Amino acid sequence: GQLCTDGEDGVDDRCQNVLDFDRDLLVKMQDYLGSIVMVAARRADEEGGSSKHGQWHPLTAVRLVTTVIARLQQHYDRAIVANTAPDGEAGRNVQLQCLERHQALRRQTQEGVREVLELVLVGIVQECADTLRRKQQNGDFLVPAAEEAEHLTAHPTAACKDCVNAINAHYFLLQEHLEADNLHSFLGTLGSKLHRMLLEHLYRFRITIVGG
């Protein structure tokens, strides 16, 4: 049906231009954001959550995509709504069509972001598990005789230090690239998976009742 009319006949050029411009913009943004997410997912899958990705970490893509989606929301509020508000019901019809397109793009992009974050999450846990598997020695759990009285204050093992350093590096990256809600959710899930991984790691060793 007609969206915005000049009297009895014709379609209001301004409203039609808003629809056409927004449609073309979202098609371009869909291609742009889709390519970013695809590259980020591939890199996260190949390199895991490594904090040594260089300047372009998969989390950089997450931050970029989140920023673009926020800008598109501003575009909707400031351009589409503002330009169609004077047209009454017909203008609201235009706003609704544009809103549906924006929401569809946001849902599609969020799915891609979740995939990237899941791959990064798995990669971080795997990096720590691999570090422990390579560097943790059976003797790490033995208390040296000379330190038996002070064993509770013994220094962490080299494997433990490497894992902590890696987790700290990831934490700083996560803080830099994720918004508060995503960060809180990601860290909660990461903590649970790291806890499970550490238990599985410890089960590989025989530890006596006195800790030897």
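The values are calculated or read from the model by the stated rules, or taken from the named source; none is laboratory data. On a predicted model such as this, the values are computed, not experimentally measured, just so you know. Every residue, glycine among them, receives a Cβ derived from its backbone with ideal geometry; neighbour counts consider all protein chains shown. Ligands, DNA and RNA are excluded from the accessible area calculation, which covers all protein heavy atoms including side chains. Shrake-Rupley method; radii C 1.70, N 1.55, O 1.52, S 1.80 Å.
Annotations for the structure displayed:
- Linear extension gain, Glu118 paired with Leu96, 0.36 nm per residue minus alpha-carbon span: 4.6 nm
- Our coupling estimate for the range 195-205, obtained by passing each phi through the Karplus curve with A = 6.51, B = -1.76, C = 1.60 and θ = phi - 60°, is 4, 5, 5, 5, 4, 4, 5, 5, 5, 6, 10 Hz, Gly and Pro reported as x.
- Note that the range 90-99 has calculated 3J(HN,Hα) couplings of 5, x, 5, 5, 4, 4, 5, 4, 5, 4 Hz, one per residue in order, obtained from phi through the Karplus relation 6.51 cos²θ - 1.76 cosθ + 1.60 (θ = phi - 60°); glycine and proline are x.
- A simple rule links phi to the HN-Hα coupling: the Karplus curve 6.51 cos²θ - 1.76 cosθ + 1.60 with θ = phi - 60°, which for the range 123-129 gives x, 5, 4, 5, 4, 5, 4 Hz, with x for Gly and Pro.
- Here the accessible area is traced with a 1.4 Å probe on the protein chains. For the range 63-120, carbon and sulfur cover 51 percent of it.
- Over the range 15-112, accessible surface divided per residue gives 55 Å², non-protein components excluded, 1.4 Å probe.
- Cα-projected label distance for Asp45 with Thr157, points at 7 Å along beta-carbon direction, nm: 3.4 nm
- The length gained on full extension between Asp31 and Asp181, counted as 0.36 nm times the residue separation minus their Cα-Cα distance, comes to 51.4 nm.
- Rounded to the nearest 0.05, the FRET efficiency derived from the C-beta distance between Ala85 and Leu202 at R0 = 45 Å is 0.10.
- Contact order relative to length of the range 13-110, as percent, for alpha carbon pairs under 8 angstrom and 6 or more apart: 41 percent
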